[in-house]
Amino acid sequence: MHADHPLRWPTFARRSTRIRLIFCSASLKAKAVKSDELLERALRELRRTNNQAIAAKEAGVSPERFRRFLREQKLAERKGRIWDITDKRPRDMTAMTTRGALDLKLPDFETASLVGQHNAAVKTFLDTNDISDLRPFEGCTVKDTSGRRYVLETRPNVIRRLDASGETFEQIYRIVQ
């Protein structure tokens, strides 16, 4: 093994199988946590570029490993020359609704993306006081995983009041597992 390989055996562990197994399993657990972040970043890049090799390279993982991740988790499948993203994992997000800022468990990427776009429009409105960014969301509803519908808030006075109340609504997608 190479001298700076992460699984290089310490000199005292060569004599004992038990120490070797403990050392090896601890290294793999630490590496697995970091790899999930990298693989998720590669999935985001795949959505953007529709090229698996480029997405894996940008995220810093091998294309073979990324391909295995997609296959095992059933997150995407190939249809001819195009990748069809089949990621149906639920996501936790905070949405600005007519009932206030609520933490919702959203069923898929498209719904979470809509809530994210609405949150960005609300933030732009709060920064610029330009209501035109909220107009595309008038009457838009989102459905959570339990089937309950929520109307996205577009009234400027209500948004200002919710912002002043200190409730936070800007969060990154959280995938529920």
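The values are calculated or read from the model by the stated rules, or taken from the named source; none is laboratory data. This one's a predicted model, so the numbers in the text were calculated from it and none came from an experiment. Cβ sites come from the backbone with ideal geometry, for glycine too, and all protein chains shown count toward neighbours. We work out accessible area using only protein heavy atoms, side chains counted, and drop any ligands, DNA or RNA first. Shrake-Rupley method; radii C 1.70, N 1.55, O 1.52, S 1.80 Å.
Worth pointing out:
- When the residues of the range 118-130 are filtered to those that are assigned to a helix (DSSP H, G or I) and surrounded by fewer than 18 Cβ atoms within 10 Å (Cβ to Cβ), the one that is farthest from the chain's Cα centre (by Cα) is THR128.
- Looking only at residues in the range 135-144 that are over 14 Å from ALA95 (Cα atoms) and not in a helix (DSSP H, G or I), the one that is most open to solvent (accessible area, probe 1.4 Å) is GLU138.
- Qualifying residue in the range 71-78 (condition: assigned to a strand (DSSP E or B), open to solvent by 30 Å² or more (accessible area, probe 1.4 Å) and at pLDDT below 90): yes
- Filter result (open to solvent by less than 40 Å² (accessible area, probe 1.4 Å) and among the basic types (Lys, Arg)) within the range 90-100: ARG91
A quick yes/no check of all residues on (1) modelled with pLDDT under 95; (2) closer than 24 Å to GLU40 by Cβ; (3) assigned to a helix (DSSP H, G or I):
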| residue | (1), (2), (3) |
| --- | --- |
| ASP87 | yes, yes, no |
| MET93 | yes, yes, no |
| MET96 | yes, no, no |
| SER113 | yes, yes, yes |
| GLY116 | yes, yes, yes |
| SER132 | yes, no, yes |
| LEU162 | yes, no, yes |
| GLN171 | yes, yes, no |
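- Counted residues, the range 72-97 - those being within 30 Å of PRO156 (Cα to Cα) and of a type in the set (Ser, Thr, Tyr): 2
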